[in-house]
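**Q** Below is a structure I'd like to ask you about.
The values are calculated or read from the model by the stated rules, or taken from the named source; none is laboratory data. Keep in mind that this is a model prediction, so the values were computed, not measured. Cβ sites come from the backbone with ideal geometry, for glycine too, and all protein chains shown count toward neighbours.
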Amino acid sequence: MEKVILNNKLECPVIGIGTFMLSPAEAQNSVREALKMGYSLVDTANAYVNERACGRGMKESGIRREDIFLSTKLWPSEYENENAVDETLERLGTNYIDLLYIHQPAGNWLAGYRQLEKAYKEGKVKAIGISNFEGKYLEELQTKWEIVPQFIQVEAHPYFTQSQLRKILDQYEIRLMSWYPLGHGDKALLEEPVFIELAKKYGKTPTQIILRWHTQMGFVVIPGSKNVEHIKDNLDILDFKLTEEEMAEIAKLDKGERYYHRTDAQLANFASWKPQFETR
Ligand SMILES: NC(=O)c1ccc[n+]([C@@H]2O[C@H](COP(=O)([O-])OP(=O)(O)OC[C@H]3O[C@@H](n4cnc5c(N)ncnc54)[C@H](OP(=O)(O)O)[C@@H]3O)[C@@H](O)[C@H]2O)c1
């Protein structure tokens with residue numbers, strides 16, 4: 001498995017399994033099968049309400065905990081809960097998290113970030129991250145962080161390559177983890193002629209070309225899937241390399257357009273929404 005080196009020298013696999021919008025049963029199945037077939041990165045979140053199921057999938061896979069890179073996220077309503085990290089550990093059935101994010105720049109997010117820093121110092125968390133902290137939020141955090149985060153998780157795909165944000169990330173060697181890497185399954189993206197053409201050339205699918213593009217951009221990619229065949233295909237992207245010319249062709253697709261547009265009203269709702277955690 002190819003890995004990237006983080007700004008604290010930790011290593012992270014370049015591809016993992018995403019679990020957004022997967023029910024507990026689906027997440028358990030996807031995580032177990034992904035790990036069994038060679039994945040070693042799992043991404044979940046308090047808000048997905050499938051952390052217990054991901055923990056079960058990890059155990060059922062038979063893969064040793066130390067061979068898994070586990071990423072999860074604190075939800076804003078947990079930022080001022082001083083037990084939030086321990087409760088997250090308990091749900092996941094583990095005694096450390098490889099990467100813990102604050103999920104949204106909502107509510108008292110600085111309190112959330114301080115919790116990450118504390119957990120990092122205590123060794124409960126091996127790396128810390130911010131999710132959806134573009135623009136003014138990242139600017140403010142830069143004046144307040146004690147520990148520079150290792151990751152930012154944001155929407156990124158060939159239509160939206162985060163070119164502005166990446167200039168800041170480069171200064172601090174912060175890695176980008178792409179969400180909606182496949183445009184959440186958008187056919188227009190998956191069927192772009194350039195991907196169909198490259199798929200023919202390399203004997204791959206257009207989806208695999210897109211995922212390979214992410215890794216060659218230096219992004220860590222976590223395609224979500226509840227389909228075992230898709231999960232298998234998504235991992236099979238590391239035996240070919242797009243040329244510089246091909247990367248330049250794909251770069252022409254960048255429209256600077258997101259799929260997901262978050263409003264201030266949504267951020268306010270995020271702060272008050274409480275996930276109904278699984279009880280078992
Ligand atoms: N931090 C955040 O705020 C945030 C927001 C969104 C997502 N995320 C994270 O990022 C991950 C990825 O985002 P996402 O899951 O929303 O979107 P995505 O990975 O862009 O797309 C997922 C969709 O693509 C389909 N798909 C996956 N592999 C495929 C393949 N090989 N061929 C055809 N279709 C395929 C899936 O359907 P099947 O199930 O049928 O395969 C699913 O409908 C999430 O799972 C989550 O872990 C984070």
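**Q** Scan the range 214-224 residue by residue and report those that are outside any loop (DSSP other than H, G, I, E, B), of a type outside the set (Val, Ile, Thr) and within 13 Å of the ligand (Cβ to nearest atom).
**A** Kept after step one, since they are outside any loop (DSSP other than H, G, I, E, B), are these residues of the range 214-224: 214-216, 220-221, 224.
Keeping just the survivors that are of a type outside the set (Val, Ile, Thr) gives 214, 216, 224.
His214, Gly224, listed by residue number.
**Q** Consider only pairs whose beta carbons are under 9 Å apart and that are at least six residues apart or on different chains; among these, list those whose first residue lies in the range 41-56 and is hydroxyl-bearing (Ser, Thr, Tyr) and whose second residue is part of a loop (DSSP other than H, G, I, E, B) and surrounded by fewer than 24 Cβ atoms within 10 Å (Cβ to Cβ).
**A** These pairs meet every condition: Thr44/Phe20; Thr44/Leu22; Tyr48/Phe20; Tyr48/Met21; Tyr48/Leu22; Tyr48/Pro275.
**Q** When you scan the range 167-182, do you find a residue that is farther than 19 Å from Tyr101 by Cβ and within 11 Å of the ligand (Cβ to nearest atom), even just one?
**A** If we filter the range 167-182 for residues that are farther than 19 Å from Tyr101 by Cβ, which is where we start, we get 167, 170-171, 182.
Keeping just the survivors that are within 11 Å of the ligand (Cβ to nearest atom) gives 182.
Yes, the range 167-182 has at least one match.
**Q** Are any residues in the range 88-125 of a type outside the set (A, V, I, L, M), closer than 20 Å to Phe277 by Cα, in contact with a Phe, Trp or Tyr (Cβ under 8 Å, 6 or more places away or on another chain) and assigned to a loop (DSSP other than H, G, I, E, B), and if so, which ones?
**A** If the condition is that a residue be of a type outside the set (A, V, I, L, M), closer than 20 Å to Phe277 by Cα, in contact with a Phe, Trp or Tyr (Cβ under 8 Å, 6 or more places away or on another chain) and assigned to a loop (DSSP other than H, G, I, E, B), then His103, Gln104, Gly107 are the ones that fit.
**Q** Looking at this structure, is Val49 farther than 14 Å from Pro275 by Cα and modelled with pLDDT of 95 or more?
**A** When the stated conditions are applied, Val49 does not pass them.
**Q** Taking the range 142-168, which residues are within 23 Å of Lys9 (Cα to Cα), crowded, with 20+ Cβ neighbours inside 10 Å and of a type in the set (A, V, I, L, M)?
**A** Ile152, Val154
**Q** Of everything in the range 165-208, what is within 19 Å of the chain's Cα centre (by Cα) and in a helix (DSSP H, G or I)? Give them in sequence order.
**A** Selection gives Leu165, Arg166, Ile168, Leu169, Asp170, Tyr172, Gly183, His184, Gly185, Thr207, Gln208.
**Q** Enumerate the pairs (first residue in the range 225-236 and more than 6 Å from the ligand (Cβ to nearest atom); second residue anywhere and assigned to a helix (DSSP H, G or I)) with beta-carbon separation below 7 Å, excluding pairs fewer than 6 apart on the same chain, so at least 6 apart or on different chains.
**A** Qualifying pairs under 7 Å: Val228/Glu33; Ile231/Ser30; Ile231/Glu33; Ile231/Ala34; Asp236/Gln208.
**Q** Additional query: For the range 136-149, how many residues meet the condition of being within 15 Å of the ligand (Cβ to nearest atom) and in a loop (DSSP other than H, G, I, E, B)?
**A** Looking only at the range 136-149, we keep the residues that are within 15 Å of the ligand (Cβ to nearest atom), and these are 137-138, 149.
Still in the running and in a loop (DSSP other than H, G, I, E, B): 149.
Count: 1.
**Q** Suppose we filter the range 209-218 for residues that are farther than 14 Å from His157 by Cβ and crowded, with 20+ Cβ neighbours inside 10 Å; how many remain? So that I can check it myself, show each step before the final result.
**A** Going through the range 209-218, the residues farther than 14 Å from His157 by Cβ turn out to be 218.
Cutting the leftovers down to crowded, with 20+ Cβ neighbours inside 10 Å gives us none.
Adding up the residues that qualify gives 0.
**Q** With the requirement that a residue be in a helix (DSSP H, G or I), surrounded by 14 or more Cβ atoms within 10 Å (Cβ to Cβ) and over 22 Å from the mean Cα position of the chain (by Cα), what does the range 251-280 give you?
**A** Listed by number, the list is empty, since nothing qualifies.
**Q** What is the number of the single condition among (1) in contact with a Pro (Cβ under 8 Å, 6 or more places away or on another chain); (2) surrounded by fewer than 16 Cβ atoms within 10 Å (Cβ to Cβ) that Leu189 does not meet?
**A** The single condition Leu189 does not satisfy is (2).
**Q** Show me the strands (runs of 3 or more DSSP E) found entirely inside the range 1-81 where at least 1 residues are within 15 Å of the ligand (Cβ to nearest atom). Before you say what the answer is, go through the steps one by one.
**A** Numbers: elements: 3-5, 11-13, 41-43, 69-74.
By residue number, 11-13, 41-43, 69-74.
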